[in-house]
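Asker: Input: one structure, supplied below.
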Amino acid sequence: MELTREEEAVLRGEGGPRKQECMKILVTLGEMYGARKLLPIYSVQLSGISYKTMGSAGTEFLEEMAQEVKFAVPTTINPAGYDVGGPGLVRTSDDFRSKQDRIVKALMTMGAVPTFTCTPYTTDFAPPKGAHLAWAESSAVIYANSVLGAYSNREGAPSALASAVLGKTPDHGLHRQEGRRAQVVVDVDVSKGPIRYTVLGAYLGKLLGRKIPYFRGVRPDLDGLKELGSSMSAWGAVPMMHVEGVTPEAHLQDVRGLERIQVDAGVVGEFQRCLGCDENPQLVAIGCPHCTKGELIQIAKAVKQKGRKLKPGTELWVCSNRQVIQETASAVEVLRQAGAKVIQDTCMVVAPLSDQFPVAAVNSAKASFYMNKKAFSGQKIVFDTTENLIEKYL
Ligand code: F3S
């Protein structure tokens with residue numbers, strides 16, 4: 001890789017050992033993927049900041065970093081393991097809280113922005129079109145690339161952290177036009193019935209792996225794109241999608257001769273059966289990824305129409321971020337009056353909930369994927385639409 005004089009100096013250790021480590025990470029990755037240089041970036045999104053995912057070794061590493069370095073660019077962060085700045089709606093042990101607090105303190109010392117959300121694009125920190133990013137939250141990466149027209153690879157925790165410290169990322173993959181090309185055409189046939197985007201994304205994520213799809217036959221709105229992308233990137237590792245007539249780079253694609261997949265309501269409906277079981281949930285959790293303003297208002301409307309309070313023995317969580325919650329105050333009040341918990345700063349996946357709620361109901365295929373995983377939460381999952389969950393459990 002060709003490094004600038006300043007970058008060479010950091011690599012030699014002239015900026016201190018921590019910056020040197022960060023530079024080594026970026027240069028190693030860059031060389032592995034054939035990058036010629038490092039690019040300046042607009043922002044970083046750090047994921048895995050819950051103590052549930054980070055553990056003690058990661059916490060200590062972060063604390064050591066915080067003694068030496070600051071973030072060089074705006075660095076927004078994913079949900080924590082409990083509602084760190086909220087009214088204390090999420091029950092966790094004191095031990096877990098104090099460990100989580102150490103992570104938050106280290107991140108704040110380095111200059112992180114306390115967004116605590118996987119949807120930084122719904123906050124004041126949304127990047128402009130064409131911005132280069134080093135984001136690590138897979139659902140935000142696919143949204144940024146596909147919908148916002150920004151450029152980010154799917155970063156891991158170490159590379160995103162290194163980029164936050166140095167304000168750079170290696171110029172390869174999704175940062176280059178050739179890395180953003182459609183690789184497979186997905187023809188969606190909705191003539192046999194409607195298809196839920198979250199389920200379609202899960203089904204295709206398994207099939208596509210890392211391939212970039214070009215969709216025909218559907219026109220999702222922004223919330224639909226969020227659903228589709230988040231489950232494709234959780235069930236697979238899809239970093240970007242193009243949707244004909246919808247996403248900003250779709251018209252640049254030449255799809256002649258590409259592999260073609262056809263899907264319809266039958267095949268997607270069949271797949272949906274593996275997403276959940278038929279048990280009684282103690283928790284109904286909506287908002288994976290965190291609810292947008294439109295989603296939150298929609299949920300409040302459905303709850304208001306239903307016109308009664310939550311059934312005893314079941315909690316209803318609606319997860320979103322601080323800014324969206326503040327900006328939808330009256331919808332939030334409707335939800336609170338009905339007995340729902342409007343949760344900020346954390347989510348149903350990264351909070352340690354499996355002991356309290358062995359069975360949880362969700363509307364998101366991404367949430368189903370992680371909450372059901374034995375190594376992660378090991379919960380039993382009921383999977384249904386938002387409307388049906390409200391109908392059944394409210
Ligand atoms: Fe966000 Fe948690 Fe889902 S971080 S994408 S709500 S798993």
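Values quoted throughout were computed directly from the atomic coordinates according to the rules given, and no laboratory measurement underlies them. Small disclaimer: the values here were computed from a predicted structure and weren't measured. Cβ: placed from backbone, ideal geometry, glycine included. Neighbour counts: every protein chain shown.
Asker: So what's the convex hull volume per residue for the Cα atoms of the stretch 181-274, in Å³?
Answerer: Once divided by residue count, the hull of the stretch 181-274 is 87 Å³.
Asker: Could you give the dipole magnitude of the chain about its Cα centre, charging the beta-carbon of Lys and Arg +1 and that of Asp and Glu -1, in debye to the nearest 20?
Answerer: So the magnitude is around 500 debye.
Asker: By what distance, in whole Å, do the Cα atoms of the chain stretch along each of the three principal axes, largest value first?
Answerer: 65, 57, 37
Asker: Antiparallel DSSP bridges in the stretch 5-177: what percent, to the nearest 5?
Answerer: If I count the DSSP bridges inside the stretch 5-177, around 25 percent turn out antiparallel.
Asker: Another one. Note the full-extension length gain between GLN262 and ASP189 as 0.36 nm times their separation in residues minus their Cα-Cα distance, in nm to one decimal.
Answerer: Numbers: separation 73, 0.36 × 73 = 26.28 nm, distance 0.74 nm.
Full-extension gain reported as 25.5 nm.
Asker: Let me test this: with uniform point scatterers at the alpha carbons of the stretch 310-394, what is the Debye-based log₁₀ I(q)/I(0) at q = 0.15, 0.20, 0.24 1/Å?
Answerer: Summing over Cα pairs of the stretch 310-394 leads to -0.58, -1.01, -1.31.
Asker: Percent of alpha carbon pairs in the stretch 204-336 separated by more than 25 Å?
Answerer: 42
Asker: Taking Cα pairs under 8 Å and at least six residues apart, what relative contact order does the stretch 181-274 come out at, in percent?
Answerer: Relative contact order comes out at 43 percent.
Asker: What fraction of the DSSP beta bridges in the chain is antiparallel, stated in percent and rounded to the nearest 5?
Answerer: Values: 3 of 40 bridges.
Just about 10 percent of them are antiparallel.
Asker: Please work out how much length the chain gains when fully extended from GLU14 to GLN337, using 0.36 nm per residue of separation minus the C-alpha to C-alpha distance, in nm with one decimal.
Answerer: 110.5 nm
Asker: While we're on this one: Set the bar at 32 Å for Cα to Cα. Now go through LYS99/LYS309; LYS341/LYS380; LYS24/LYS211; LYS206/LYS309; LYS19/LYS341 and name every pair that lies beyond it.
Answerer: Distance filter (> 32 Å) returns LYS99/LYS309; LYS206/LYS309; LYS19/LYS341.
Asker: Long-range amide H contacts for TRP135: which residues qualify at under 5 Å (H placed 1.01 Å from N, peptide plane, sequence gap of 5 or more or a different chain)?
Answerer: GLN45, ASN153, GLU155
Asker: Still on this structure, please answer the following. Relative contact order for the chain: what percent, with Cα pairs under 8 Å and sequence separation of 6 or more?
Answerer: 17
Asker: Report, for the stretch 276-393, the % of DSSP beta bridges that are antiparallel, rounded to 5. Present the calculation step by step, with values, prior to reporting the outcome.
Answerer: Details: 0 of 16 bridges.
Bridges in the stretch 276-393 that DSSP calls antiparallel: roughly 0 percent.
Asker: Mind ranking 282-289, 320-327, 163-170, 147-154 by how tightly packed they are, going by the mean number of other C-beta atoms within 10 angstrom, highest first?
Answerer: 163-170, 282-289, 147-154, 320-327
Asker: Something else now. Can you tell me the Rg and the Dmax, both Å, for the Cα atoms in the stretch 1-148?
Answerer: Reported Rg and Dmax, both Å: 16.6, 51.
Asker: Also, quick follow-up: For LYS301 and ARG219 in one chain, what is 0.36 nm times their gap in residues minus the Cα-Cα distance, to one decimal in nm? Mind dumping the intermediate values first?
Answerer: Values: separation 82, 0.36 × 82 = 29.52 nm, distance 2.38 nm.
Additional length available on full extension: 27.1 nm.
Asker: Normalising by the residue count of the stretch 5-177, find the relative contact order in percent from Cα pairs under 8 Å and 6+ residues apart. Walk me through the numbers on the way to the answer.
Answerer: Details: 306 pairs, mean separation 57.2, N = 173.
Normalised by residue count, the contact order of the stretch 5-177 is 33 percent.
Asker: Where does the stretch 237-303 land on Rg(C-alpha)/(2.2 N^0.38 Å)?
Answerer: 1.63
Asker: Apply the Karplus parameterisation 6.51 cos²θ - 1.76 cosθ + 1.60, with θ equal to phi minus 60°, to every residue of the stretch 48-56 and state each ³J(HN,Hα) to the nearest whole Hz, in sequence, with x for glycine and proline.
Answerer: x, 9, 6, 4, 4, 9, 7, x, 6
Asker: Right, next: Give the Rg (one decimal place) followed by the Dmax (whole number) of the stretch 101-225, computed from C-alpha coordinates and expressed in Å.
Answerer: Cα-based Rg and Dmax for the stretch 101-225 come out at 16.6, 54 Å.
Asker: For a protection proxy built on the mean count of beta-carbon atoms within 10 angstrom, sort 363-373, 38-48 highest first, please.
Answerer: Numbers: 363-373: 24.4, 38-48: 22.5.
Ranked by mean Cβ neighbours within 10 Å, highest first: 363-373, 38-48.
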